[in-house]
There are 2 protein chains.
Amino acid sequence: MMTTTPLPAESPAEVDSAAVLIRRTGARATPARLHVLRLLRSAPAALSHHEIEQALGNPALDRVTLYRVLDWLVESGLAHRNTDAQRVFRFSAATRGEHAAHTHFRCDDCGRVFCLDAAPPAPPHLPQGFSLLRIELDLRGRCAECSGEHP
Amino acid sequence: MMTTTPLPAESPAEVDSAAVLIRRTGARATPARLHVLRLLRSAPAALSHHEIEQALGNPALDRVTLYRVLDWLVESGLAHRNTDAQRVFRFSAATRGEHAAHTHFRCDDCGRVFCLDAAPPAPPHLPQGFSLLRIELDLRGRCAECSGEHP
DNA sequence: GCGATTATTGCAACTGTGTTGCAGGTGTTG
DNA sequence: CAACACCTGCAACACAGTTGCAATAATCGC
């Protein structure tokens, strides 16, 4: 391998932009980072470490390497990390303009997080001394899948 | 013990109402449950298992018993459980009228969660099939303490 | 292209939070 | 008072994530 044969599995645009984004941080664009970032960018919801491991094909990456790739993505600002109801980290690709305000739907059943494009809500007034960095509106309940499965 | 001597450390009203709340569920008002519920009700922010253990005086309660008391409080609807940024559970007393909408401030630094009384924000429109149970507005940044300590 | 440099990877062992099973204790009820 | 159920404590476990160190491979300069 290592010829100039890009995998056809992803759209060329995505492949390219993932690599560019990684290089722009000054770090190496390794297969591990590329695959993980592409996966996150194409995922409709935030993914757990375990889900990512599965999606990449089970023996593709070392457990620890994946953890480190994810840590690095978060540090570099290319991804976000949240903890779900089962106290498991979930990762999602950061969007270009970087949201200071965001809306999510969290399923209490399966723990998945769905990114809604919906509105940035309030202009809150904080207790003194508190500095605000992000606003997140969390809608909680059951996702469509879980509503159907457990009626 | 077990005479009619309430500990003077808490306000009589709180002591009483904690016991009443517990009895109302049909369960026993044991010292463990009383102490934990009183502590949660008097806490300004959500507490972790560890913090509660400390606050109760170190060798007061078995680790596992505390976990079980907390689980029971959550199941009974007397407390809420959230996970903080360090993927640690944090517990807070449920308020009487039970909030369907709530506002929190989460410190990205220390992970603590502060309950703001602030407004119930938006009337969102969800994708089809999703059922909404709670709305949470999460403000994230640094709390007063952490802003001061790490300037 | 070819090698040196050094970031990245993989392995193994570890940490910390939360959970489960079971025996013993404590309160409640008839 | 005795039986019963609930609660507690201990020990062992499970799981997600972390750390240290040696081996590997991506990038840079030639």
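Using a 10 Å cut-off on Cβ to Cβ distances, tally the other chain neighbours for every residue of A:140-146 and report the average as a whole number.
Numbers: counts 7, 7, 5, 5, 6, 2, 3.
Rounded to a whole number, the mean comes out at 5.
Using a 7 Å offset from Cα along the direction of the beta-carbon, what are the separations from A:H49 to the same position in each other copy, nm, ascending?
1.7
Within 10 Å of each Cβ of A:82-91, how many other protein chain Cβ atoms are there on average?
Values: counts 4, 9, 2, 3, 2, 8, 2, 3, 0, 0.
Taking all residues of A:82-91 together, the mean is 3.
All of the numbers you see were taken from the coordinates with simple rules; none came from a lab. Since the structure is predicted, the reported quantities are computational estimates derived from the model, not experimental observations. When we count neighbours, we look across all protein chains shown, and the Cβ atoms used for this are built from the backbone with ideal geometry, even at glycine.
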